[in-house]
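The values are calculated or read from the model by the stated rules, or taken from the named source; none is laboratory data. Keep in mind that what you see is a predicted model, and the values were worked out from it rather than measured. Cβ placement follows ideal geometry from the backbone for every residue including glycine, while neighbour counts extend to all protein chains displayed.
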Amino acid sequence: MMLRRHARKTGLAGLFALALLCGTYITVVSSAHADGAAAVFYGYVVPEPGGVLPKRIRALSDSGVVCGSAEVWPTASSTAGFYAMSVISADAKPGCPAVDEPVHFALLYGMIDETIVVGGPAPYLPGTTTALNLIRTAADRPLALP
């Protein structure tokens, strides 16, 4: 039993490492693909040059409903951070995305601050694990709720 747990942890860590080495956006579809299952997003968060690393990241629906949240953990160099987050569906929380609807990612820098939406949205695909690196640029904008 202990050997199985170690193998699972090692396999998951290897999957994350491999995905991060291969590129900025890789989708790995698991066999758990089912309605109502969460989607998992993970990757690096890179601030603007000379910028500050955010404290948290949120997954938002088109209507601004928070469907997932995670802390950003600084890397050893402190020039980037890492996050891993489960995003729930409309079945679990009204207002969250349904299959193939967009998920937006917002950076939070403190307790009360301007929420910055980064990059383009990613599709909500339940039961999948997606590596998605988020890089803040000058084009990223404050969140504007409908």
* **Candidate set from the stretch 65-80 (those that are buried (at least 16 other Cβ atoms within 10 Å of the Cβ) and either in contact with an Asp or Glu (Cβ under 6 Å, 6 or more places away or on another chain) or of a type in the set (G, A, S) (or both)); member that is farthest from P121 (Cα to Cα)** => A80
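Could you tell me how many of the residues in the stretch 96-137 are assigned to a strand (DSSP E or B) and within 14 Å of V72 (Cβ to Cβ)? Before the answer, list the steps.
Going through the stretch 96-137, the residues assigned to a strand (DSSP E or B) turn out to be 102-108, 116-123, 128-132, 134-135.
Subset that is within 14 Å of V72 (Cβ to Cβ): 105-108, 116, 118, 132, 134-135.
Here the count works out to 9.
Of all residues in the stretch 73-88, which are assigned to a loop (DSSP other than H, G, I, E, B) and at pLDDT 95 or above? Full working, then the answer.
Going through the stretch 73-88, the residues assigned to a loop (DSSP other than H, G, I, E, B) turn out to be 75-80, 88.
If the condition is that a residue be assigned to a loop (DSSP other than H, G, I, E, B) and at pLDDT 95 or above, then I88 is the only one that fits.
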* **the stretch 39-72: number of residues that are in a strand (DSSP E or B), under 12 Å from A106 (Cβ atoms) and touching a Lys or Arg at 6+ places or on another chain (Cβ under 9 Å)** => 6
* Output for the stretch 83-106, where each listed residue is over 13 Å from S63 (Cβ atoms) and either out of contact with any Asp or Glu (no Cβ under 8 Å at 6 or more places or on another chain) or of a type in the set (V, I, T) (or both) -> A84, M85, S86, V87, I88, A92, V99, D100, F105, A106
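Being modelled with pLDDT of 50 or more and either more than 14 Å from T130 (Cβ to Cβ) or not hydroxyl-bearing (S, T, Y) (or both) is the requirement here; does V29 meet it? Quick ask: steps written out before the conclusion?
On the way: modelled with pLDDT of 50 or more: no; either more than 14 Å from T130 (Cβ to Cβ) or not hydroxyl-bearing (S, T, Y) (or both): yes.
Spelling it out, it is not the case that V29 is modelled with pLDDT of 50 or more and either more than 14 Å from T130 (Cβ to Cβ) or not hydroxyl-bearing (S, T, Y) (or both).
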